[in-house]
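K.L.:
Supplied in structure tokens, the structure appears directly below.
The values are calculated or read from the model by the stated rules, or taken from the named source; none is laboratory data. Remember, it's a predicted structure, so these values are computed and weren't measured experimentally. Cβ coordinates were reconstructed from backbone atoms using ideal geometry, including for glycine residues, and neighbour counts include every protein chain displayed. Accessible surface areas use protein heavy atoms only, side chains included; no ligands, DNA or RNA. Shrake-Rupley method; radii C 1.70, N 1.55, O 1.52, S 1.80 Å.
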Amino acid sequence: MEDLLLVVDPQPTFMELCPDELPVPGAEAVIPVINRILAGPIARAAVTQDWHHPRHASFASQHPGRQPYDQVALAYGPQTLWPDHGVRATPGAAIHPALDQAKVVLVLRKGFRQDIDSYSGFRENDRSTGTGLAEWLRAVGVRRVFIAGITRPYCVDWTAEDAAALGFESWVVTDACARLGPEAALAESKARLAAAGVRFTTAAGLA
Ligand SMILES: [Zn+2]
């Protein structure tokens, strides 16, 4: 069985390095944890990269009278609004320079359609537009995916749930993930993932 570490959105835009974007407390601290996993037996890795149009529909700035974290209805359903972040080809959207990319064989940009957000690395938020990641993983023979990065319970958890739904053995590496929001939301997401067949491990478990 081929294993792959999928690193979700390891980008400065989600770190305190970019205080005017979407900083997640402690997010930068997951990079050395991920690097330790990459120094271990795992053979390959892929990275997702949030890569938004400057006027992306998930930005509160594009909805007059709305604030970040408000919920709105977009064409495909409910969407949380965010501060501007992950704007394509900006410094904040780059892959964090400290990430060890030696084993990274795919960088997949997501959320690039102006009108659709994409938390998951597999499917956009309309839940029907694929990113091609599942097909790529199958093409290179990956069966088991370990997921780390930024952030739970959003992009990491949605990616893990989709990995399981699409037939991969899906694991979340809990101490290699950043977290955003209340503990209750994280617990609710964890229960949903467990029911979907997602499993949980730690970086030490991959050493
Ligand atoms: Zn985004």
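K.L.:
Can you tell me which condition Leu133 does not meet? The list is (1) buried (at least 21 other Cβ atoms within 10 Å of the Cβ); (2) in contact with a helix residue (DSSP H, G or I) (Cβ under 8 Å, 6 or more places away or on another chain), and all the others hold.
P.N.:
Leu133 satisfies all of (1) buried (at least 21 other Cβ atoms within 10 Å of the Cβ); (2) in contact with a helix residue (DSSP H, G or I) (Cβ under 8 Å, 6 or more places away or on another chain) except (2).
K.L.:
Which of the following residues is over 23 Å from Ala134 (Cβ atoms), touching a residue at least 12 places away in the same chain (Cβ under 8 Å) and not β-branched (Val, Ile, Thr): Leu193, Leu180, Leu166?
P.N.:
Numbers: Leu193 fails: over 23 Å from Ala134 (Cβ atoms); Leu166 fails: over 23 Å from Ala134 (Cβ atoms).
Just one listed residue meets the conditions, Leu180.
K.L.:
What are the residues in segment 52-75 that are in a strand (DSSP E or B) and in contact (Cβ under 8 Å) with a residue 12 or more places away in the chain, if any?
P.N.:
Passing the criteria: His52, Phe59, Leu74.
K.L.:
Further question: Of the conditions (1) open to solvent by 60 Å² or more (accessible area, probe 1.4 Å); (2) charged (D, E, K, R); (3) touching a residue at least 40 places away in the same chain (Cβ under 8 Å); (4) touching a strand residue (DSSP E or B) at 6+ places or on another chain (Cβ under 7 Å), Asp9 clears all except one; give me its number.
P.N.:
Going through (1) open to solvent by 60 Å² or more (accessible area, probe 1.4 Å); (2) charged (D, E, K, R); (3) touching a residue at least 40 places away in the same chain (Cβ under 8 Å); (4) touching a strand residue (DSSP E or B) at 6+ places or on another chain (Cβ under 7 Å) one by one, Asp9 breaks only (1).
K.L.:
Is it fair to say Thr202 is modelled with pLDDT of 95 or more and either open to solvent by 50 Å² or more (accessible area, probe 1.4 Å) or in contact with a Pro (Cβ under 6 Å, 6 or more places away or on another chain) (or both)?
P.N.:
yes
K.L.:
Mind listing just one residue for me: the one in segment 19-53 that is open to solvent by 20 Å² or more (accessible area, probe 1.4 Å) and within 16 Å of the ligand (Cβ to nearest atom) and, of those, farthest from His96 (Cα to Cα)?
P.N.:
Among residues in segment 19-53 that are open to solvent by 20 Å² or more (accessible area, probe 1.4 Å) and within 16 Å of the ligand (Cβ to nearest atom), the one farthest from His96 (Cα to Cα) is His53.
K.L.:
Give segment 1-22 a look and list any residue that's in a loop (DSSP other than H, G, I, E, B) and touching a helix residue (DSSP H, G or I) at 6+ places or on another chain (Cβ under 7 Å), or say none.
P.N.:
Asp9, Pro10, Gln11, Met15, Glu16, Leu17, Cys18, Glu21, Leu22
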